[in-house]
Structures are given as structure tokens and as C-alpha cells.
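Take a look at the structure set out below.
What follows is calculated from the coordinates using simple rules that are stated; it is not laboratory data. Computed from a predicted structure; not experimentally measured. Positions of Cβ are backbone-derived with ideal geometry, glycine not excepted, and every protein chain shown enters the neighbour counts.
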Amino acid sequence: MQLSYILLIPFIPLAVFLLLGIFNKKIKPAVSGYIGVGGLAASTLLSYYAAFQYFFVSGKLDGVYQTFVLKKVWMSFTETLHIDLGIFIDPISVMMLIVVSTVSLMVHVYSRGYMKGDEGYTKFFAFLSLFTFSMYGLVLATNLFQIYIFWELVGVSSFLLIGYYYTKTSAVAAAKKAFIVTRFADFGFLIGILIIGFYTGTFDFETLNDPQGSAILNWASTSFMGLSAITWALILIFMGGAGKSAMFPLHIWLPDAMEGPTPVSALIHAATMVVAGVYLVARLFPMYMFVDDGFVLYIVAYVGAFSSLFAAIIAVTQNDIKRVLAFSTMSQIGYMMMALGVSGFNGHEGVGYMASMFHLFTHAMFKALLFLGAGSVIHAVHSNYLKDMGGLRKFMPVTNITFLIAALAIAGVPPLAGFWSKDEILVAAYQNSPLIYGVGVFVAGLTAFYMFRIYFSIFWGKETQYKHTPHESPLSMTIPLIILAILTAAVGFIPFSEFVTADKMGFEAHLNYPLAAVAIAVGATGILLAWVFYKKENGLADRFVNAFGVFYKWTSHKFYFDELYLYITRNVIFKHISAPIAFFDKKYVDGTMDGIGNKTVLLSKKIMGTQSGKVQDYAFGFIGGVVLLAVVFIYFWTI
């Protein structure tokens, strides 16, 4: 397979970023929008062409999809341990090219209308292009260190976009929060990479994912607390993925990240950056599967299941529509992690791995549609809160229909995309863990309820007395909504199991009718409850709030995790760790340096008289020196 043209896919948005960034003040806003969209359109066409070539022309040999690598050594440490830069083509990297390209292009087109008139219009498109370049580099990485480089670049891009409205205190705080929280997770990721490099002698994905490779056969040589060093490394790498994907307990940055423009939420926090953690575990899946009999996958499964349930419960009580979607994203990412994790139970990797990647693919379409639909609503009513909305179906028919399609998809209503991928996850969970399956079914019901809670509250319910009559968004915003709605309806019919599997061989998936019926019934129940509570104004919702009392209060405050983190930060880390370190630094480190400096200045003042510039002083010094040398010479001569 020819790989050279694939290099253009990431480098086109990089060129756009440099062009718009360097000539930010000289390029007219309208032109910068066309440059940004044109660059992404070119990368998208190349991504689709690469996918066609890989899946239908030259990617398969003897029934197995092949891996193609183009790389060059950048830094070499030993014969086997080196950092390469290049591209890595296999089923999941090609799939991610489609996801990143499709969603990013839709966001670029949408942003032309949403950001119109903004002072930083050109800068915004530069940041979008930088982020897209970073995501392309991440999904095409050939080794752990290359993925880490772009992982951090994605973090920088996210920081810039979340804090785009830098004059807002809340936006600046949200950007710092996201950056700092993910730094803790990324530190674990880095330590894990270094451990793997030390014990296996390589960072290369091909070598690491070969269970029979010489590097892997030695992974159990060192153990700590009953687990091999590589197991601990994989736990730390998962920690990095959990931070980037906002898994519990590293989830607190995601809701605040909604301070960025809504297109940013669609691009970063719905379909691309937050799934990077899932992609990371999938990229190293053979290692996770075979090291210590898949022990780490048990951690992945239970963390994913708990995160999914935890976020879904919180989403039910939120009143900011973007925060509801943020917790929904956390919940759905938990679903994906859960599916990957159960793949390690009983060595039954087939359905779970495929289901996780399938849901990643379909979720990108309908969650991007939900965020962009929410942006269209916010654009019309100038508020994020449900109390300021109602009856908008009359004013915004396109947004209403497309948002409804996305809500039905995430609720698991057939034949939309979310139904097919969610069904496969529940099948995988049912085969391997009744407990996790039960959690998955309950979360499916909660998802349907909270999504139709906001749908009915926005488009039905009591018609709010708006200051200005709402109107449908311009074509630059509604066309991406329509395209994503079509994709949401269509992509579920892709025979995904024939293209993306753990062993790259493909298999034919079948609908499990009893489990599908259970999922549909639970989803329908959630939708029906939301219809009863929110389709028309009534007192049921208020009675519901009063009935749950303290639990509702805790849930609406996100179980006070932000407050807990602040307490630990201020009263433990700052007071008992940072303050003593600062005292030691100021008293002893700075004090020692200041003392040396002060003594040097004092000494210089004492001796500066010797450099007076007077000839008689220098003559006196010269004669004195000669006399002293003569006395010393005579003394030693007479001994």
C-alpha cells in the first residue's frame, strides 16, 4: 500500500495553522475561514481515499488486514530502543482518520457561521487546525513516545481552545483546570512509557504487540507487589488514558471545559480528544490482553462501568445543556472502556474490542451532532440553561429534527447508529460479566431519560417569552447538522465487525434479539418517563426533586468532587506539602545563594580600593610586592 500521500493528511492542517497563525493580522476573517475549511476538506478526502485503499483494495492479505509502517529514526539510545517518527496504518488508525476528519470538517464548516463577527476569528481557525494536526499525529503514531509527543500537543491545543475567551475568568480557570488535571494523568503515562522502554528495550507498537516477540517474553522478569513491572506500566498508561478521557476520578475537568466555544466542545470533548484514552488502550490491546492474563483489563472494565454509571446519574440533574452533554460523553466513554475491559474476561476478546471501536465510531457522529445542535440553540437564545428555553421546535425546525435524531441514536432506538454499537457492547458484557451487563442496561435507561429530558425542555415544554424571536441558524451551521444526522442514521449499517477486530481477521456479527429487546425496552422506558415529566409543564419534576432530597442535591453538585479536590489541594497539598517546600526553598536554597552573593559584594567593597586608578597606589603596591618576595626568598635561602 502506498503510504507517502498519507503524510499530507496531518501536514495540511499544520500548514494551515502556521499560515493563519503567522499572518493572523493580515488575513481577512472570511478568507481565514475558507482556508481552514479548504485545508480540512483536502485532509478529509485523503483520509477517505486511504480508508478505501486499505479496506477494499490492498489492506487485506489471506483474510487478515495488514499493518503498514513508514518511519524514520529520530533519537537512538540502543540498537533496539529508539524514538521513531512516522505513520502506522492498521484498521483502528484508519478508522480514527475517518472519525477525526469527518467531525473536524463539520466543525470547521459550522464555525464559519457560529464564530462570525468574533474578534479572534482567524486565531480560532488556527487553533482548530493545530488541534486537528495533533490528533492526526496521535492516531498515526508508530510508537509510545511519538504518541506521547502528540498527546501533549493535543493537551496544549485543548488548553488554547478551552481558554479561547481569555477575558472570561471562568474560561481561564477551566483551561488551567483541564491542563493541570490531565498533567497528573500524563505523568503516570510517561512513567509507564519509561518502564516499558527499560524492561522491553523498545517503544515500537509492532514489537510490543507481538506476544511471541523477544521483548515481550521477558516482561515478567521483575515484579512488585505480586504484579510484573509491565503490568504496573500498563496501569500507569491507562491512568494517562483515563485522564484524557475524563474517567473517574480524573473527570472533574470535562464539565468546566464547556467554557470554550460550542464547536470546540463538539470537536474536542465529544468525538476526538476524549476518545484518545480509548484509542490508547486499543492500540496496546495485545499487551493488555496477555500481560498477567489480562489483569489490567479488569481495572479498565470496572473503572469504565463505574464512570459510565456515575456520569449518567449526574447528567440527570444538570440544567446547563452543554454540561449534560459533557457528562453524557463521560458516560459513553465509560461504555467504550467497559467493552474493551470485558474483552479480557475469560480470554473472550472478539466482541468487546469490536464493540468498543464501533461505539467510538458511531458516538463521534451523534455526539458531535448533539453538541452542534446545542450550539445552534445557544446561538438562538443566548443561554445555556434549560430555564431559558422551551417551544423552540416552532422556530428552529432543522435543529429540532437533527437534535431529535441524535437523541434517538444515543438512546439506542433502532435503526439509528447508537442502537447497533450499544447492542454489541451489551452483548459483550452479558457474555462476560452479569454485574457489568446490569450496569450497562441501567445506564442505557438513564441515557434515554436525560437526553429526552433536555430535548423536551428545549423544543417542547413551556414556550418561553423570548426577548428576541429565535430563528433557525444559517446554512453554514445547519448543513453540518444535516450531514451528521444522515451519518447518524446510516453508519450503524456498516458491517463493522468485518473491518475492525482484535485479531484483524473480521467476523460476521449477528443481532442478539433477546438482549436487543431488553435494551430497546429500557430505552423506551427512559424516553416515556422524560415525555411524562417534561413534554408539558407540570409539577412532576419538582416533586421528583423533593422526593430525592439530599441525594438530588448531592447529584446536582456532582457529588462535591470539585469541592473535595479544592479542599485537598488547598489544605493538604498547598498547606502541608507546598508551604514547607517553599519555606525550605526560600530559607535555605535562596538564603544560601543570597548569602554567597552578599559576601561576594562585601568582599568586593573591601578590595575595590586596590583598583583606585592612581599611579602612586600602583607603585606602592608594586614595590611592596617586590619587598615581600625578596623577604620570602631570603628566608628560604638561609634555611
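About its Cα centre, the chain has a charge dipole of approximately 2260 debye under the convention of +1 per Lys or Arg Cβ and -1 per Asp or Glu Cβ, with nothing else charged. If only the Cβ of Lys and Arg carry +1 and only the Cβ of Asp and Glu carry -1, the dipole of the stretch 554-639 around its Cα centre is close to 140 debye.
Taking every C-alpha pair closer than 8 Å and separated by at least 6 residues, the mean separation divided by the residue count of the chain gives a relative contact order of 12 percent.
The Cβ shell under 12 Å around residue 390 holds other residues with a net charge of +3, Lys and Arg each +1, Asp and Glu each -1.
Charge tally for residue 532 (other residues, Cβ to Cβ under 13 Å; Lys, Arg +1; Asp, Glu -1): +3.
Compute the whole-percent fraction of alpha carbon pairs in the stretch 563-638 spaced more than 18 Å apart. Value for the stretch 563-638 (Cα pairs over 18 Å): 71 percent.
R0 = 30 Å: FRET efficiency of residue 173 with residue 587, Cβ-based, nearest 0.05? The computed FRET efficiency comes out at 0.40. Protection proxy ranking, highest mean first, for peptides 278-285, 227-234, 21-28: 278-285, 227-234, 21-28, where packing is the per-residue count of other beta-carbon atoms within 10 Å, averaged.
Note on residue 60: lysines with a C-alpha under 16 Å away, same-chain residues under 8 apart excluded, are 504. Taking 7 Å steps out from each Cα toward its Cβ at residue 525 and residue 599 produces label points 7.8 nm apart. Here the calculated FRET efficiency for residue 319 and residue 41, from their Cβ-Cβ distance with R0 = 51 Å, stands at 0.85, rounded to the nearest 0.05. Normalised radius of gyration (Cα atoms, divided by 2.2 N^0.38 Å) for the chain: 1.16. Under a plain spin-label model, where a point goes 7 Å from the Cα along Cα-to-Cβ, how far apart in nm are residue 387 and residue 616? It is 9.0 nm.
For the stretch 114-211, the dipole from Cβ point charges (+1 on Lys and Arg, -1 on Asp and Glu) about the Cα centre works out to 560 debye, to the nearest 20. For the pair residue 184 and residue 48 in one chain, pulling the backbone fully straight at 0.36 nm per residue adds 45.4 nm over the alpha carbon distance.
Taking 0.36 nm per residue of sequence separation and removing the Cα-Cα distance, the residue 635/residue 570 pair yields an extension gain of 16.4 nm. For the stretch 563-638, lysine pairs with C-alpha atoms less than 29 angstrom apart, excluding pairs fewer than eight positions apart on the same chain, total 11. Ordered by the count of other Cβ atoms within 10 Å of each Cβ, fewest first, 401, 180 give 180, 401. Listed from fewest to most Cβ neighbours within 10 Å, the set 450, 54, 48 follows the order 48, 54, 450.
Residues 156, 632, arranged from fewest to most other Cβ atoms within 10 angstrom of their Cβ, appear as 632, 156.
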